[in-house]
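Below you'll find the structure, written out as structure tokens, and then a few comments.
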Amino acid sequence: MTALAVVLLAFPALAAAQVSVRPREATPWMPGTKLVANPAAAPALTIQTGAADSSAAPGEAAKIEAWLKTYDEAFNAKDLDKLGAFYHPEVTIYEGGGIDKGWASYRDGHLGPELKAFENLQFSHGERQIQILSDRSAYVVSSYTLKAKMGERSIDSGGLETLVLVKDDAAGWKIRHSHTSSRPRRPAAGGNEP
């Protein structure tokens, strides 16, 4: 699924806008595009891949950086109450080939049981790009690592994650959509981990 498709899923009103695609400088994680809505068809809108443009919303990218750090801390503490503050009630989660719809379903049927089973959990977001789309929407593309024990099984995986965020005046940034892909980490040539 392309980043544009994810954005259109999270923001269906954008699907009606007339959008033109122009080539721009590519980024290592995704060939770059610049999408510009036709101002005659809808209010002006620009969706641009790449590093965050903090001039569009000074300080918002830094706030999201701090928000991600707090998320990682809550995840490592296995604190479902704190984690719940990060998710929109109607979040969609695409993970492991499945779909979870809504925070309660994800918490009770997926994340909660998984966190309960994890021992020695170490989770962190790694390299990331934060893109502010408007004063109420942003997305984050990041890598992550997860290490834990689950019974006799050792987990050492990494992956990629796309988060579509929406901002609530009272509650701040919320995850509206999350899509992850994971893979076991493999030792590099010479036995060192990547």
With no solvent and one point on each alpha carbon, what is the Debye value of log10 I(q)/I(0) for segment 104-168 at q = 0.17, 0.20, 0.22, 0.24 Å⁻¹? -0.77, -0.92, -0.99, -1.03
Can you list the lysines whose alpha carbon sits under 27 Å from that of LYS147, skipping same-chain ones fewer than 8 residues off? LYS63, LYS69, LYS78, LYS82, LYS101, LYS116, LYS174
Expressed in angstrom and ordered largest first, the alpha-carbon extents of segment 51-194 along the principal axes are 46, 38, 26
Provide the gained length on full extension for the span ARG153 to LYS78, in nm with one decimal, where the gain is 0.36 nm per separating residue minus the Cα-Cα distance. 25.1 nm
Skipping prolines and chain starts, which residues have an amide H placed within reach, meaning under 5 Å, of the one on SER124, given they are 5 or more residues away or on another chain? THR145
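The numbers here are math on the coordinates, done by the rules we state, and not lab data. Since we're looking at a predicted model, the values are computed, not measured.
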